[in-house]
Amino acid sequence: MPHPNEFGNLTNWFSADEYHGKRLKMSAWVKSEVTRGNAQLWLRVDGEWKSAVDAGVFDNMDDRPIQGHTDWTQYSLVVDVPAESTDIVFGVMLIGSGQIWLDNVSFAAVSKDVPLTGMYSGESVKRAKANNLDFDELAQGSDEKTVVPTASPKSTAQNAIHEWYLEPKGEFEIKLDETQKHSGSRSAYIKSIVSKPTQFGQISQAFVPNKYLGTRLKLSAWAKSKLTSGTAHLWIRVDGEWNDNAYKPGCFDNMDDRPIKAETDWTQYSLVVDVPETSNHVLIGCFLDGAGEFWVDDFSLQIVGKECPLTGCYAVLKGCGKKEPANMNFEQNQDK
């Protein structure tokens with residue numbers, strides 16, 4: 001199967017009792033021949049918390065996947081094991097095409113001065129504000145412009161778009177582009193490198209919304225597109241105690257009801273959500289779900305009054321936003 005749209009996963013688990021209250025390091029040796037996509041180790045501690053991000057109990061190497069052909073290399077994942085933990089689950093997965101080998105998995109309790117790993121560690125999303133919204137800041141110590149989909153996991157520092165998390169997923173090129181920008185020196189650029197992508201390419205970042213608690217928040221950004229198929233989207237999501245995997249009405253918009261299509265010049269788009277007092281994170285980003293090219297620049301955040309309407313199909317009722325059923329006789333055509 002040259003283009004699998006699912007993933008292969010090898011898992012195991014054991015009781016967390018031995019590591020209660022400790023910081024746990026999992027190490028493993030992996031060899032890869034990945035022709036498309038990623039290979040990733042993962043480690044999860046299960047328990048009775050509402051937010052795995054806050055607990056620092058999960059890492060799946062989303063921020064440093066194994067790509068391309070690599071010889072035997074040791075990788076490490078570090079998580080906390082709270083006293084109320086029940087189980088520790090771990091494994092390796094291949095998302096894409098190719099083959100991987102796994103050997104010599106080991107676990108060790110480490111001191112608290114060993115940093116947690118992964119983008120879900122909690123430590124990586126405790127920023128008080130969004131940063132580098134105009135993409136004019138480069139990653140420290142680097143003047144690299146391009147993020148190469150097959151880059152070594154050891155080279156993420158020079159390949160990063162400063163302050164943004166990238167998900168090329170083997171089917172997209174993501175880089176900074178100095179030839180196309182709305183303002184300043186550069187824009188962020190997402191391009192499909194296969195004719196029919198089965199996933200999407202995305203950039204995102206998260207921050208703690210203390211200054212926005214209890215307000216209505218407007219996210220704006222400028223975007224340009226040259227799509228041959230599919231759509232491009234901006235998105236914003238507010239997370240809180242309601243459930244990390246659920247969209248609280250009024251707290252999520254991904255432009256599903258008004259996606260960017262075909263070829264467009266620089267255009268400003270806006271998304272409006274509420275930020276309840278119990279919110280713990282705000283996540284923002286954009287993604288390309290299809291084939292073509294997509295540029296984005298000059299993100300901004302602004303507190304607006306309650307008279308400014310919420311946007312998106314998740315603003316009222318989860319999943320639709322409609323107050324009445326529609327097209328009951330199937331005679332209405334979907335807008336193209």
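The values are calculated or read from the model by the stated rules, or taken from the named source; none is laboratory data. This one's a predicted model, so the numbers in the text were calculated from it and none came from an experiment. Every residue, glycine among them, receives a Cβ derived from its backbone with ideal geometry; neighbour counts consider all protein chains shown.
Here are the numbers:
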item	result
Scan of the range 177-229 for residues that are of a type in the set (D, E, K, R) and either in contact with a Ser or Thr (Cβ under 7 Å, 6 or more places away or on another chain) or more than 30 Å from Gly250 (Cβ to Cβ) (or both), ordered by number	Asp177, Glu178, Lys181, Arg186, Lys191, Lys196, Lys218, Lys224, Lys226
Breaking point among (1) assigned to a strand (DSSP E or B); (2) farther than 28 Å from Leu217 by Cβ; (3) at pLDDT below 95; (4) charged (D, E, K, R), for Asp289	(2)
Residue under evaluation Met61, criteria (1) crowded, with 21+ Cβ neighbours inside 10 Å; (2) part of a strand (DSSP E or B), criterion not met	(2)
Residues (loosely packed, with under 14 Cβ neighbours inside 10 Å and farther than 27 Å from Gln202 by Cβ) located in the range 64-83	Asp71, Trp72, Gln74, Ala83
Single residue of Asp257, Asp265, Asp239 found to be of a type in the set (D, E, K, R), in a strand (DSSP E or B), touching a residue at least 60 places away in the same chain (Cβ under 8 Å) and more than 18 Å from Ile174 (Cβ to Cβ)	Asp239
Residue match in the range 99-114 (condition: surrounded by fewer than 18 Cβ atoms within 10 Å (Cβ to Cβ), assigned to a strand (DSSP E or B) and under 24 Å from the mean Cα position of the chain (by Cα))	no
From the options Pro249, Pro209, Pro276, residue that is under 19 Å from Asn132 (Cβ atoms) and touching a residue at least 40 places away in the same chain (Cβ under 8 Å)	Pro209
Residue list for the range 248-290, filter: surrounded by fewer than 15 Cβ atoms within 10 Å (Cβ to Cβ) and in contact with a Phe, Trp or Tyr (Cβ under 6 Å, 6 or more places away or on another chain)	Gln268
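A quick yes/no check of all residues on (1) modelled with pLDDT of 90 or more; (2) outside any loop (DSSP other than H, G, I, E, B); (3) touching a Leu at 6+ places or on another chain (Cβ under 7 Å); (4) crowded, with 21+ Cβ neighbours inside 10 Å:
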{"site": "Gln180", "(1), (2), (3), (4)": "yes, no, no, no"}
{"site": "Gly184", "(1), (2), (3), (4)": "yes, no, no, no"}
{"site": "Lys191", "(1), (2), (3), (4)": "yes, yes, no, no"}
{"site": "Ile203", "(1), (2), (3), (4)": "yes, yes, yes, yes"}
{"site": "Ala206", "(1), (2), (3), (4)": "no, yes, yes, yes"}
{"site": "Leu217", "(1), (2), (3), (4)": "yes, yes, yes, yes"}
{"site": "Ala221", "(1), (2), (3), (4)": "yes, yes, yes, yes"}
